[in-house]
Amino acid sequence: MTDFRIDLRRGALITAVLALLCSLFYVLPANAEPADYADCPAATLCLYSGANGTGERRDFTGTQSLESYDATWDGKTLSAKNNTALWACVYGAPAYGGGLQTVKPTNSDAYAPGAVRSHKLVPTRALCFTGYERCPDNRVCTFPEPNGRGAMTVHLPATDPVTKNYGNSYGTEPAPKSAWNRTPRHVCFYPEPTYTGTWADPADASGQKRFAAYVVLRGDSVTVPAPFAGTFRSHELVTTTGDCQ
């Protein structure tokens with residue numbers, strides 16, 4: 001009788017444990033939360049208006065880099081999932097300007113309100129830091145930020161009536177801090193809108209040493225150094241650098 005009672009107790013304990021395990025198996029799947037960003041399609045960059053892949057979602061493929069968003073979406077992204085094989089570059093200003101954050105392929109990220117105002121998808125992270133690729137062939141392009149970032153100005157060559165060289169005198173666009181010369185000629189930049197002017201050498205305390213035109217050779221892109229950065233107000237295209245004013 002004693003052994004029989006011990007067996008009954010053991011049997012009751014085993015039955016209770018099995019019942020508890022079964023209840024866990026049945027209850028857990030029903031209450032489990034869906035994985036974050038699970039709704040982001042393959043080969044897609046998904047931007048969300050809420051944290052952790054919640055809220056409204058907008059989808060972009062590798063061919064849909066945007067330099068700006070419509071007013072209803074501008075600065076509204078709070079999280080992102082990069083479900084592509086490319087690097088996602090997100091910027092704090094339109095035209096790939098302002099602050100930069102990068103998202104590795106298959107990774108996600110979170111943002112403060114207003115931190116995402118443009119994006120592009122590129123094969124390598126290094127390409128997130130430049131924007132020169134936007135410049136059309138046979139044009140001089142200038143940018144208000146280093147490395148070809150920010151709103152691009154495309155200069156259409158026009159013959160100056162005095163110099164007879166192709167040139168542009170700038171309007172109200174910001175004075176550039178970087179440029180790409182995609183023409184077959186060299187470009188001479190000047191601090192005055194009349195294709196003239198010089199720069200003082202900051203290393204010369206006497207102020208006597210001056211720089212003339214700042215030259216960007218054909219095919220070259222450049223982040224403009226001091227004292228030239230942010231001071232260009234005109235340029236002309238020339239056959240040889242000796243033709244600069």
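Readers should treat all values here as calculations from the given coordinates under stated rules, not as data from a laboratory. These numbers were taken from a predicted model, which means no experiment stands behind them. Here the Cβ positions follow ideal geometry from the backbone for every residue, glycine too, while neighbour counts run over all protein chains shown.
At a glance:
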quantity: Estimated FRET transfer efficiency when R0 is 22 angstrom, pair ASN147-ASP220 (beta carbons, to 0.05); calculated: 0.95
quantity: Largest-first principal axis extents of the Cα set of the range 45-129 (Å); calculated: 28, 24, 20
quantity: THR241 paired with THR63, simple spin-label distance in nm, labels 7 Å along Cα-to-beta-carbon; calculated: 4.2 nm
quantity: Fluctuation leader among THR223, THR106, THR172 - the chain, Gaussian network, Cα springs under 10 angstrom; calculated: THR172
quantity: Anchor LYS209: lysines whose Cα lies under 26 Å away (excluding residues fewer than 8 positions away in-chain); calculated: LYS177
quantity: Extension gain (nm, one decimal) between ALA158 and THR196, 0.36 nm per residue minus Cα-Cα; calculated: 12.0 nm
quantity: Relative counts (whole %) of C-alpha pair distances in the chain, using bins that are 5 Å wide; calculated: 1, 6, 11, 12, 11, 9, 8, 8, 7, 5, 4, 3, 2, 2, 2, 2, 2, 1, 1, 1, 1, 1, 0, 0, 0
quantity: Fully extended contour minus Cα-Cα distance, from THR124 to ALA43, at 0.36 nm per residue; calculated: 27.5 nm
quantity: Overall dimensions of the range 137-245 as given by Cα atoms, namely Rg and Dmax in Å; calculated: 13.2, 42
quantity: The range 81-179 - convex hull of alpha carbons, volume per residue in Å³; calculated: 96 Å³
quantity: Order of THR63, THR77 - criterion: other Cβ atoms within 10 Å of each residue's Cβ, fewest first; calculated: THR63, THR77
quantity: Choice from GLY197, GLY167, GLY98 showing the highest fluctuation, given a GNM over the chain with Cα pairs closer than 10 Å; calculated: GLY197
quantity: Order of ARG125, ARG58 - criterion: other Cβ atoms within 10 Å of each residue's Cβ, fewest first; calculated: ARG125, ARG58
quantity: Label-point separation, ALA110 to GLU173 (7 Å along Cα→Cβ), nm; calculated: 4.0 nm
quantity: The chain, relative contact order in percent, only Cα pairs under 8 angstrom and at least six apart counted; calculated: 13 percent
quantity: Between 0 and 90°, nearest 10: helix 2-31 axis offset from the chain longest Cα axis; calculated: 30 degrees
quantity: Cβ-based exposure ranking for VAL224, VAL116, in which fewest neighbours within 10 Å come first; calculated: VAL224, VAL116
quantity: Listed residues ALA158, ALA85, ALA95, most fluctuating in the chain (Gaussian network, C-alpha, under 10 Å); calculated: ALA158
quantity: Candidate lysines - alpha carbon under 18 Å from LYS120, same-chain residues fewer than 8 apart omitted; calculated: LYS76, LYS81, LYS104
